[in-house]
Amino acid sequence: MGRGMFDLTAKVVVSTGANSGIGLAFLQGCAKQGADVVVWGRRTDRNAKALEELQAMGAPRVHAESVDVSDASAVDAAFVSTLEAMGRVDCVFVNAGFQNRAESFPDMAIEMYHDLLNVNLHGAFYTLRAATRHMRERAQAGDPGGSIVVCGSLSIFQGRQGLEHYAAAKGALSAMVKGLAVEMGQYGVRANMLAPGFVLTGMTDDNPQTERIKKHFAAITPLQRPGYMADIEGPAVYLASDASSFHTGDILVLDGGRAVNSQ
């Protein structure tokens, strides 16, 4: 059966923070549509496991890079290595990040603030810089196009105590995406943000509180459930494929209606 407008055959999709969670889910959707996929993650053992799963889902070619995105030189080297292995990059999902919640903003340690921004914001910048350099160079050689996707968060729109630094990083990236949409449009490159609500990932499977979490999000979400890994796959394929060729500078909220729930 043909994949139609969502066909990703011969496209190379890279995701940071991709050996688990939302980053892996993004690549899973792309692999099912025939994309060649690249996992960036710090742990080689988890990278290897993710590659096996992605190959089983239909990815013709798979590749992994062990990289700490908070290190600018490591990001540049990983991108060069990725290009050597795959030949090109058509879509980059900038996803690597973490949360380290403080008791309150006045009590937030400077180290906590900088540790988060070094990965969530600066690491994203290093990755975006490497990706846009490649896509610009490719376009100037006569091969325009590409998709940049940044993982956002509902914290951009909603205040969260102790997560002001996390929200600041995501908010800064949403502004960066808009700038990239304007600057990179001349090269046929589009830039968007995907902002998921709460998503149950493999990291919560063994959590004894999982059932309580499901009930909590069922109560506050119009679709009466949390998100699942599979919910990321469809939007991932849309954003990575030519189906979104006229869609740029946007924030796609994927939260089951939670952000608009007034209750």
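The values are calculated or read from the model by the stated rules, or taken from the named source; none is laboratory data. From a predicted model like this one, the values you see are computed outputs, not experimental measurements. With ideal geometry, Cβ positions are generated from the backbone for all residues, glycine too; neighbour counts draw on all protein chains shown. Side chains included, ligands, DNA and RNA excluded: accessible areas come from the protein's heavy atoms. Shrake-Rupley method; radii C 1.70, N 1.55, O 1.52, S 1.80 Å.
Here are a few things to note about the model shown:
- Residues satisfying the stated conditions in the stretch 184-207, i.e. in a loop (DSSP other than H, G, I, E, B), of a type outside the set (F, W, Y) and modelled with pLDDT under 95: G197, T201, D205, D206, N207
- Of the residues making up the stretch 246-263, those that are on the phi > 0 side of the Ramachandran plot and surrounded by fewer than 19 Cβ atoms within 10 Å (Cβ to Cβ) are G249, G257.
- Residues satisfying the criterion are present in the stretch 187-204 (criterion: in contact with a Lys or Arg (Cβ under 8 Å, 6 or more places away or on another chain) and farther than 26 Å from Q28 by Cβ).
- Here the stretch 208-245 is the region considered, the condition is being of a type in the set (S, T, N, Q) and part of a helix (DSSP H, G or I), and the residue that is least open to solvent (accessible area, probe 1.4 Å) is S244.
- Residues being under 25 Å from Y238 (Cα atoms) and open to solvent by less than 20 Å² (accessible area, probe 1.4 Å) - total across the stretch 66-101: 9
- Residue-level analysis places K170 outside the set of residues that are more than 25 Å from Q140 (Cα to Cα) and either at pLDDT below 90 or part of a strand (DSSP E or B) (or both).
- Residue among A124, A175, A181 that is in contact with a Leu (Cβ under 6 Å, 6 or more places away or on another chain), part of a helix (DSSP H, G or I) and either among the small types (G, A, S) or in contact (Cβ under 8 Å) with a residue 40 or more places away in the chain (or both): A124
- Sole residue being assigned to a strand (DSSP E or B), touching a Phe, Trp or Tyr at 6+ places or on another chain (Cβ under 9 Å) and open to solvent by less than 40 Å² (accessible area, probe 1.4 Å), chosen from V13, V38: V13
- Candidates L128, L54, L117, filtered to the one that is surrounded by 15 or more Cβ atoms within 10 Å (Cβ to Cβ), modelled with pLDDT of 95 or more and over 24 Å from K170 (Cβ atoms): L54
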